[in-house]
Amino acid sequence: MVRTHPLRVLSRAAVVLAVATIAGCGSTPDPVDAAVRPAPVPATRTVEVPRSPAPTLAERLALAAPSADPQVIKLALEAQRCATLDGQIGSVERLAVIDYSRPSTEQRLWVFDLTAADLLYSEHVAHGKYSGGNMTTEFSNTEGSLMSSLGLFRTAETYVGGNGYSLRMDGLEPGFNDRARERLIVMHGADYVDPRQALQQGRLGRSFGCPAVRGEIAQELIDTLKDGQLLFAYYPDSQWLEGSRFLGCDSAGAGAVASVASKAARGVSRAAE
């Protein structure tokens, strides 16, 4: 009779139990494991964030010249655009803006590089003798008036005359500045454009109608603007704002003109005080 050792019987039972346990793993999920298993994560949905529109040229120039009135810059670019549509000018790279609503003791001439949207100069500029004291009040297109003129000018050739190195300009707006060449309205340097003296006497010296600048800066500024660039002279004059051929030439520019209409009324009110 063969006798089986108890340990061998136990080992065979353990093997059978182990095989049965392995066979059952994974075939039927344990109820506890299923309860704690994390729920599937839903797929992430990409949300499109709207991009801010790129700044306009007017906005970029306003950032470059924070001391300038953004509405005046906008009007200057509107005049450039309308003059281009009208066939009066071609492509330009530089634009000078004069804000004659500012006192002469302040910098009120800005020269911009339109390609780079950059500020090249911020300067004092004189106005005509009979256009006012520190503040301008009147403008003219008449020979002998000794007043400044408003509107869009195209720069032309340079020459050396009684005021030294000077820049001729052609007024592009009939009735407002188109007699600039015969009136000898030019940009030139002048000793009386002295900001320190202006603070002492309450105003800059005045010209015969020319946009005169500091003598120290005159030549390089003139060379920057010569030969077909633009100069825009602004004042909230209602007659000019309504009569200019280069302001509000279509609906796109109507808003810029309308935005300064109230300023024109305020300017007339201040002048009367």
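Taking (1) closer than 22 Å to D223 by Cβ; (2) of a type outside the set (S, T, N, Q); (3) surrounded by fewer than 17 Cβ atoms within 10 Å (Cβ to Cβ) in turn, G175 satisfies each apart from (1).
Within the group G267, G248, G189, G255, which residue is modelled with pLDDT under 95 and touching a helix residue (DSSP H, G or I) at 6+ places or on another chain (Cβ under 7 Å)?
Numbers: G267 fails: touching a helix residue (DSSP H, G or I) at 6+ places or on another chain (Cβ under 7 Å); G189 fails: modelled with pLDDT under 95; G255 fails: touching a helix residue (DSSP H, G or I) at 6+ places or on another chain (Cβ under 7 Å).
Being modelled with pLDDT under 95 and touching a helix residue (DSSP H, G or I) at 6+ places or on another chain (Cβ under 7 Å) holds for just one of G267, G248, G189, G255, which is G248.
Is there a residue being under 23 Å from the mean Cα position of the chain (by Cα), surrounded by 17 or more Cβ atoms within 10 Å (Cβ to Cβ), among the small types (G, A, S) and within 16 Å of L230 (Cα to Cα) anywhere in region 62-72?
Of region 62-72, the ones under 23 Å from the mean Cα position of the chain (by Cα) are 62-72.
Those still in the list that are surrounded by 17 or more Cβ atoms within 10 Å (Cβ to Cβ) too: 62, 64-65, 68-69, 71-72.
Applying the additional criterion that residues be among the small types (G, A, S) yields 62, 64-65, 68.
Adding the requirement that they be within 16 Å of L230 (Cα to Cα) leaves none.
Checked region 62-72: no residue is under 23 Å from the mean Cα position of the chain (by Cα), surrounded by 17 or more Cβ atoms within 10 Å (Cβ to Cβ), among the small types (G, A, S) and within 16 Å of L230 (Cα to Cα).
Among residues of region 173-196 that are over 17 Å from G243 (Cβ atoms) and touching a residue at least 60 places away in the same chain (Cβ under 8 Å), those with a Cβ under 9 angstrom from a residue that is outside any loop (DSSP other than H, G, I, E, B) and charged (D, E, K, R), sequence gap 6+ or separate chain, pair up as A190/R214; V193/E123; V193/R214; P195/R214.
Residues Y121, Y192: which one is over 24 Å from the mean Cα position of the chain (by Cα) and outside any helix (DSSP H, G or I)? Give the derivation first.
Details: Y121 fails: over 24 Å from the mean Cα position of the chain (by Cα).
From the options Y121, Y192, the qualifying one is Y192.
Are any residues in region 72-101 out of contact with any strand residue (DSSP E or B) (no Cβ under 9 Å at 6 or more places or on another chain) and basic (K, R), and if so, which ones? Passing the criteria: K74, R81. One residue stands out among those in region 216-242 that are of a type in the set (S, T, Y) and surrounded by fewer than 22 Cβ atoms within 10 Å (Cβ to Cβ): the one that is nearest to Q80 (Cα to Cα), which is T224. Taking the criterion of being open to solvent by 50 Å² or more (accessible area, probe 1.4 Å) and closer than 14 Å to A180 by Cβ, the residues of region 109-143 that qualify are T142, E143. Here is the figure for region 93-102: residues that are touching a residue at least 12 places away in the same chain (Cβ under 8 Å) and open to solvent by 20 Å² or more (accessible area, probe 1.4 Å) total 2.
Going residue by residue through region 209-217, is there one that turns out to be free of Cβ contacts under 8 Å to residues at least 60 places away in the same chain and either part of a helix (DSSP H, G or I) or farther than 20 Å from A68 by Cα (or both)?
Of region 209-217, the ones free of Cβ contacts under 8 Å to residues at least 60 places away in the same chain are 215-216.
Restricting the remaining residues to those that are either part of a helix (DSSP H, G or I) or farther than 20 Å from A68 by Cα (or both) gives 215-216.
Yes, region 209-217 contains at least one residue that is free of Cβ contacts under 8 Å to residues at least 60 places away in the same chain and either part of a helix (DSSP H, G or I) or farther than 20 Å from A68 by Cα (or both).
The listed residues are A65, A96, A117, and the only one of them that is at positive phi, at pLDDT 95 or above and not aromatic (F, W, Y) turns out to be A117. Among (1) under 29 Å from the mean Cα position of the chain (by Cα); (2) within 16 Å of M135 (Cβ to Cβ), where does S238 come up short? So S238 meets the others, but not (2). Sub-9 Å Cβ pairs linking a first residue in region 47-73 that is over 16 Å from A96 (Cβ atoms) to a second residue that is of a type in the set (S, T, Y) and in a loop (DSSP other than H, G, I, E, B), at least 6 apart or interchain, number zero.
Scanning region 147-163 for residues that are more than 23 Å from V97 (Cβ to Cβ) and open to solvent by less than 70 Å² (accessible area, probe 1.4 Å) yields Y159, G161.
The values are calculated or read from the model by the stated rules, or taken from the named source; none is laboratory data. If you're wondering where the values come from, they're calculated on a predicted model, not measured in any experiment. Reconstructed Cβ throughout: ideal geometry from the backbone, glycine too, with neighbour counts over all protein chains shown. Each accessible area value is taken on the protein alone, full model and side chains, heavy atoms only, with ligands, DNA and RNA left out. Shrake-Rupley method; radii C 1.70, N 1.55, O 1.52, S 1.80 Å.
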